[in-house]
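Some notes on the structure that comes next.
We did not get these values from a lab; they are worked out from the coordinates using the rules stated. Bear in mind that the values here come from a model prediction, so they are computed numbers and not experimental data. Cβ placement follows ideal geometry from the backbone for every residue including glycine, while neighbour counts extend to all protein chains displayed.
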Amino acid sequence: MPYPETATGFMIEDQKKWQDFKKQEFKLKTFEDRDVDVAIECCGVCASDLHTINGGWGDAPMPLCVGHEVIGKAIRVGKDVKTIKEGDRVGVGAQIQADLTCANCKADQENYCPNAIDTFGAQYSDGTLSQGGYSSHIRAHEYFTFKIPESIPSAVAAPMMCAGLTVYSPLVRLGAGPGKKVAVLGLGGLGHFAVMWAVALGAEVYVLSHSPKKKEDALKMGAKEFIVTGEENWHKPYAFTFDFILNTTDATHKFNLSHYFSTLK
């Protein structure tokens, strides 16, 4: 079958006109022996995409196609690929390549690799620009391409590639599990995943939120308790209670952090 050397995507050309998407063709990087070509089925929407296209994180190379919660079908695999085969349903997250030889990569810190390539907006050694998942195809290194279990629908799997990973990683690194009390601050997109992962890992989970609106959701997902931080002196009954707090909000500058710190062991 013919393999694509170009793809089409919804792209912006000017951060000042970030709502003006245009469907355009773009060139894929040179195919290498550990690369996987993916025909994209769906892609989640992350706030990082918005911050990139509207200039919130500074200048970005243009034209640009964002999106980094990618699910699709592997239609081509390089000759040295071991973990993915043609026809597999796979996912790709926010990083698409690294050198895999540096000290950071060997320490499982690939996101700090000096030669890391983000899924969009990064330049490959051949001069092409990485383009994201709001497109027809993506070309990814095998190491950053993950087979998706049949039991997980594509639309559910997509946000796991960024939002899910973002909270799963610190939970695992900090040892969330039986005997640990974990507080999740915020119950938005990240917070929902944090509660589900922490419960699945066996931790005792508490949700901290400024209003009681999401209490039902939190308890339904397995949280032991829902704490309304908008209430006066909410923190006092929980002094020295939590092993750690996972903050999933973007409004920490508005918090009285001493109240939160007082709840940590």
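Brief remarks follow.
- Trypsin sites (Lys or Arg not before Pro) restricted to DSSP loop in the stretch 125-180 with at most 10 other C-beta within 10 Å: none
- Between ASP250 and LEU100, the modelled labels are 3.3 nm apart [label points 7 Å from Cα along Cα→Cβ].
- Antiparallel bridges, percent of DSSP beta bridges restricted to the chain (to nearest 5): 70 percent
- At R0 = 45 Å, FRET efficiency that the Cβ-Cβ distance of LYS22 and ALA239 yields, to 0.05: 0.25
- Rounded Å value of the spacing that divides the Cα centres of the stretch 237-265 and the stretch 135-204: 22 Å
- Whether the stretch 165-261 is rounded, prolate or oblate, judged on the alpha carbon gyration tensor where a/c under 1.5 counts as rounded: rounded
- For the pair ILE152 and GLN123, the difference between a 0.36 nm per residue extended length and the Cα-Cα distance amounts to 7.2 nm.
- Shape call, the stretch 47-155: gyration tensor on alpha carbons, a/c limit 1.5: oblate
- Segment ASP217..THR6, full-extension length gain: 71.6 nm, with 0.36 nm per residue of separation and the alpha-carbon distance subtracted.
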